[in-house]
Amino acid sequence: MSLVSLENVVKRFGSLEVLKGVSLEVDKGEIVAVIGRSGSGKSTMLRCINALEPVQAGRIMVDGIEVTAPGADHNKLRARVGMVFQSYNLFPHLNVERNVKLALKLVRRMSDAEASEVARRMVAKVGLEDKLLAYPDELSGGQQQRVAIARSLAMQPTIMLFDEITSALDPELVGEVLKVLEELAEEGMTMMLVTHEMHFARTVADRVVFMHEGRIHEEGPAEQILREPGTAELRNFLSAVLH
Amino acid sequence: MIREFALADFGYLLLATRWTILLALTAMLGGGFLGLVVAICRVLPIRPLNWLTVGYINLIQGTPLLGQLFVFFFGLPLFGLSVDAWTAAALAMSIYASAFFGEIWRGSLQSVPLRQWEAGASLGLTYRQRLAYVIIPQAVRISIPPTVGFIVQLVKNTSLAALIGFIELTRASQIMAAATFAPLQVYLAAAGIYFVICFGLSHVSQLLERRLHVAR
Ligand SMILES: Nc1ncnc2c1ncn2[C@@H]1O[C@H](COP(=O)(O)OP(=O)(O)O)[C@@H](O)[C@H]1O
Ligand SMILES: [Mg+2]
């Protein structure tokens with residue numbers, strides 16, 4: 001059974017239809033790269049999956065929870081779905097350790113000692129154990145994104161959603177963040193990631209989903225679809241981003 | 001009796017400063033409490049309440065504090081409520097402060113970026129937890145400089161209470177200037193006292209800001 005399933009999801013902002021009937025299944029352990037032009041609905045799709053945006057029609061299931069059911073417990077859902085955004089959004093008033101501990105204590109109900117232990121382990125995992133007491137404004141963009149990943153991982157999510165997490169970074173900082181993602185991939189984490197890093201998508205993702213004007217226009221095994229795009233739109237898109 | 005401005009007279013000014021500080025403190029606390037109510041009434045999703053609050057804010061911010069002091073001091077007795085200068089000043093300045101605090105705090109709450117709400121939400125925090133642990137702590141930090149800035153204004157504005165006969169630092173200086181015929185020294189001394197209070201406040205604000213990792 002798939003971990004995430006979208007059935008004919010329709011999302012509108014006022015009269016603007018942003019998702020025009022999107023259907024997608026993601027299996028446990030699968031890594032799906034979502035690509036497409038700016039404005040094609042990639043972020044919106046991810047945001048619907050963890051209920052940051054309500055949908056107007058269709059059905060979304062995540063790990064057995066029907067996200068789109070009336071009265072669904074969204075907080076419970078989000079505690080199991082990790083999400084990292086393009087804009088850095090660590091809590092600026094808390095140091096790295098407390099950024100990670102906050103939800104462990106409030107949502108997972110861990111004791112302070114337990115939460116500290118988990119925080120230390122997770123921050124070490126992204127290679128920042130020496131920054132445990134630093135504040136976000138004392139970190140580079142790349143380091144902030146790694147902490148944001150650690151903060152999400154600490155909740156032991158069943159799936160991680162990444163929305164262009166390297167797009168706002170200086171080029172020399174992209175590598176360190178992608179490296180963390182690669183390690184996650186090796187551990188078998190289920191991931192959906194919106195990315196413009198085509199090389200990364202080809203080497204790390206199992207499957208690539210190409211979104212175009214609010215629809216999944218084409219999808220398939222990463223290697224194949226990127227080498228031999230089936231539609232003119234994907235061909236155009238690829239030649240635009242690769243040159 | 002005409003005499004020189006002496007150390008004892010400076011002591012008299014310092015004693016009067018108590019009333020300046022007490023009036024500013026009262027306006028701060030009273031205005032702070034009312035200001036919270038104003039901020040809440042301004043953001044609750046109840047339209048008529050929002051309009052009423054906006055009206056209140058515009059009325060208070062759009063009229064001079066001196067006028068408000070006169071309204072309370074001379075106006076309330078017309079309704080059979082006799083008030084002394086202290087009560088009128090404390091009431092008027094609390095209400096004056098509430099309109100400004102309310103707007104400063106509403107603005108601070110709303111200037112915490114939406115993505116901070118979303119970051120809290122995507123970790124599974126409930127609405128209240130997001131508000132209490134993510135949004136309000138940041139709003140408080142954002143509000144420190146404008147809040148302290150307004151308190152500094154408040155301290156200086158207590159001098160207007162001199163005009164309804166409340167004896168605080170400015171009124172005491174007038175009395176002393178008349179008695180000593182040394183207005184320059186007296187008013188310079190008074191200005192020095194105001195400065196020390198206000199400078200101290202600004203300094204505390206800067207320390208707090210540096211300590212508290214204000215959002216950027
Ligand atoms: N909160 C919103 N209100 C109105 N329109 C929005 C909102 N969020 C996104 N959109 C619109 O939805 C479309 C898809 O946006 P998005 O999902 O962010 O695209 P992508 O991530 O693929 O660049 C765009 O046209 C965008 O302007
Ligand atoms: Mg996007």
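The values are calculated or read from the model by the stated rules, or taken from the named source; none is laboratory data. Everything numeric in this text was worked out from a predicted model, so none of it was measured. We place every Cβ from the backbone using ideal geometry, glycine too, and count neighbours over all the protein chains shown. All accessible areas refer to the heavy atoms of the entire protein, side chains included, with ligands and DNA or RNA removed. Shrake-Rupley method; radii C 1.70, N 1.55, O 1.52, S 1.80 Å.
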### Message
in a loop (DSSP other than H, G, I, E, B), away from ligand 2 (no atom under 16 Å from the Cβ) and out of contact with any Pro (no Cβ under 8 Å at 6 or more places or on another chain): which single residue out of A:Arg108, A:Arg78 fits that description?
### Response
A:Arg108
### Query
So, of the residues in region A:137-186 that are among the acidic types (Asp, Glu) and more than 13 Å from chain B (Cβ to nearest Cβ), which turns out to be farthest from ligand 2 (Cβ to nearest atom)?
A:Glu186
### Message
Between A:Val194, A:Val177, which is open to solvent by less than 20 Å² (accessible area, probe 1.4 Å) and either free of Cβ contacts under 8 Å to residues at least 12 places away in the same chain or within 14 Å of ligand 1 (Cβ to nearest atom) (or both)?
### Response
A:Val194
### Query
Within region A:1-19, which residues are assigned to a strand (DSSP E or B) and within 11 Å of ligand 1 (Cβ to nearest atom)?
A:Lys11, A:Arg12, A:Phe13, A:Leu16, A:Glu17, A:Val18, A:Leu19
### Task
Scan B:Leu114, B:Leu131, B:Leu125 and give me the residue that is within 14 Å of chain A (Cβ to nearest Cβ), without any contact (Cβ under 8 Å) to a residue 12 or more places away in the chain and crowded, with 18+ Cβ neighbours inside 10 Å.
B:Leu125
### Query
Can you spot a residue in region A:53-66 that is within 16 Å of ligand 2 (Cβ to nearest atom), touching a Gly at 6+ places or on another chain (Cβ under 8 Å) and assigned to a strand (DSSP E or B)?
no
### Message
Please return the ranges of helices (runs of 4 or more DSSP H) entirely within region A:132-243 where 2 or more residues are touching a Leu at 6+ places or on another chain (Cβ under 9 Å) and farther than 25 Å from A:Ser87 by Cα.
### Response
A:222-227
### Summary
Of the residues in region A:147-166, those that are open to solvent by 20 Å² or more (accessible area, probe 1.4 Å) and either within 13 Å of the chain's Cα centre (by Cα) or aliphatic (A, V, I, L, M) (or both) come to A:Thr158, A:Glu164
### Message
Against the definition (closer than 20 Å to A:Gln145 by Cα and either more than 10 Å from chain B (Cβ to nearest Cβ) or open to solvent by 40 Å² or more (accessible area, probe 1.4 Å) (or both)), how does A:Arg109 come out, yes or no?
### Response
no
### Message
Just to be sure I understand, how many residues within region A:1-34 are in contact with a Lys or Arg (Cβ under 6 Å, 6 or more places away or on another chain) and either within 18 Å of A:Gln56 (Cβ to Cβ) or surrounded by fewer than 16 Cβ atoms within 10 Å (Cβ to Cβ) (or both)?
### Response
4
### Message
As an exercise: evaluate A:Pro70 against (1) over 23 Å from A:Arg215 (Cβ atoms); (2) more than 14 Å from chain B (Cβ to nearest Cβ); (3) within 16 Å of ligand 2 (Cβ to nearest atom) and give the number of the one condition it does not meet.
### Response
(3)
### Message
Please go through (1) out of contact with any Lys or Arg (no Cβ under 6 Å at 6 or more places or on another chain); (2) more than 18 Å from B:Leu23 (Cα to Cα) for B:Leu212 and return the number of the only condition it doesn't satisfy.
### Response
(1)
### Task
Can you confirm whether region B:182-199 contains a residue that is within 22 Å of B:Asp84 (Cα to Cα) and not aliphatic (A, V, I, L, M)?
no
### Message
On the basis of being at pLDDT below 90 and open to solvent by 40 Å² or more (accessible area, probe 1.4 Å), does B:Ala182 make the cut?
### Response
no
### Query
From the set of residues in region A:21-49 that are among the small types (Gly, Ala, Ser), more than 16 Å from ligand 2 (Cβ to nearest atom) and out of contact with any Ser or Thr (no Cβ under 7 Å at 6 or more places or on another chain), which is farthest from the other protein chains (Cβ to nearest Cβ)?
A:Gly21
### Query
So, of the residues in region B:61-85 that are in contact (Cβ under 8 Å) with a residue 40 or more places away in the chain and within 16 Å of the chain's Cα centre (by Cα), which turns out to be farthest from B:Gln153 (Cα to Cα)?
B:Leu69
### Query
Does A:Arg37 satisfy being under 19 Å from A:Met211 (Cα atoms), open to solvent by 40 Å² or more (accessible area, probe 1.4 Å) and among the charged types (D, E, K, R)?
yes
